[in-house]
Amino acid sequence: MNKKYLKFGKGTCPHASRCFASACQSGIVEYTPSAEMTIRLLLLKRESRPDIMGYSPAIDCGLISDCQLGNVVSMKRFIQAQLKKAMQYRAWKLLPAPVKAMAYAWCHDPVFPPVMQMEPTRRCNLRCVMCALTQFYHGDKTKDMTLEEFKRVISQLPKSVELVTIQGTGEPLLNKEIVPMIEFACRQGFRTNFNTNLLLLTDEMANRLVAAGLSEVVVSIETAHPERYADIRRNGDIERFLANLDKLNEAKQRAGVDHPKITACCVMMKHTLPDIPDLITTLEQRGVVRLHLADMCTYPEYTGPLTLADGSDLRDQALGASMSEEEIWRELSALKALGTDKIEVTIPGDWGGIKIEKPDDGTVLTCIELWRLPFVKANSEMCTCCWAPQYVMGDFKTQTFEEIWFGKPYRRMRMLHLMNKAPAQCRKCQQRFYSVAVPSRIFGVFEPEFRMEEVFL
């Protein structure tokens, strides 16, 4: 049995792990992470729900028997099976979308996330015009995450986590302990990556990142045109960026390894779209194996100046500001076709989404990060995502990972999304595009391109 899963929340009986193990060994409960999770969640509820005191883990204290414990799982499985059968009937489609969304969620067992995002710093050496740090957080005084704080979180992660991405609002290379963080995460068996503007890379740092076992480096770049690069990534220098890209490749060659894989992320703007074909060629020549084209997130609450060198406003550079959805997808399809056997070009739709208009027909939309990608800020607070860091779900200084991930704030936020009552900040986000449930066919048909059914309560 994997002891990694046998952790119970603060306040539960100390015999919890032993009792669950006993139930598994006796054959009453078949061990799976989802079965353990179902029982564990019920056990955590007993503090606030005295009426279900029978779910106490103290089996050997006589409060609940092995059989009763097994029945808890069996009953939930029975109800889930009946709901799934009901979903096959045509009448199911007549129910309101939020009702269907909640049912979908209840039919899925709670699961741990596959990715963990850690913010090593909120400081940055650049002032990119489209970045939240430039617009909101440039005066933020949050201290960098320390190695000990990083270890406290990583040591609690379940085996379901495959990737630890060490990035947030700031530039990861500014944290002096970034390499020890990568080394520790790799020793725990996790893949690691981070986004970077790469301008702070030195020969020594390149060698250390390669030796640490870093899996992937995602470099951020919108254009290889010197003036436009400097206009977007202010304080930046394209020649220095390209030179540092060569340094990283040379470090890999010296070590005789093919990691870290180098990929790139490009935030799309209308005036840089003509530069992307040349950018693809430039990156391919320097060993970049993939270019992600990402939709630009704009911040409606920011009313300050965002003027580019040509006098245009950044907000007008969003593709959806002046292009129809048909024009956008035609342009993106042409760019995707420029990929070669050496460099892949991915567009929104391959891995993310682009929102021109959100459906107003009642379709329930949510985002993947609530279910699969938690975000830990540099101050050890865990929140929904880096786009909405004000929605704090818990704090690792006083709570465990499980207490936060399955805690009341997260459950409340997930339910708000499932009921189509997401907070204002979430409703503005271009990444809220995963369709959980569509409205009744009586009131019109909307067939989403994306469907996310890995939701749970």
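Listed values, structure above:
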item	result
Placed amide H near Val345: partners under 5 Å, 5+ positions off or other chain	Leu291, Gly339, Thr340
For the stretch 90-182, accessible area per residue (1.4 Å probe, heavy atoms of protein chains only), Å²	40
Viscosity 0.692 mPa s, temperature 37 °C, Stokes-Einstein D of the stretch 359-416 from Kirkwood C-alpha radius, µm²/s	273
Residue pairs, from the table Lys176/Lys397; Lys270/Lys408; Lys336/Lys408, whose Cα atoms sit over 30 Å apart	Lys270/Lys408; Lys336/Lys408
Whole-Hz couplings from phi, Karplus 6.51/-1.76/1.60, listed for the stretch 215-227; x for Gly and Pro	7, 8, 10, 10, 8, 9, 7, 10, 7, 9, 6, x, 5
Farthest positive-ward along the stretch 135-294 dipole, Cα basis, beta-carbon charges - from Ala230, Val161, Asn249	Val161
Euclidean distance between Cα centres, the stretch 274-291 to the stretch 142-201, Å	27
Stretchable slack from Val111 to Ala81, in nm (0.36 nm times residue separation minus alpha-carbon distance)	9.0 nm
For the stretch 233-350: relative contact order, % (alpha-carbon pairs under 8 angstrom, 6 or more apart)	28
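The values are calculated or read from the model by the stated rules, or taken from the named source; none is laboratory data. The structure presented is a predicted model; accordingly, all values stated were derived computationally and were not measured. Counting neighbours? That spans all protein chains shown, and the Cβs are built from the backbone with ideal geometry, glycine included. Heavy atoms of the whole protein, side chains included, go into the accessibility calculation; ligands, DNA and RNA do not. Shrake-Rupley method; radii C 1.70, N 1.55, O 1.52, S 1.80 Å.
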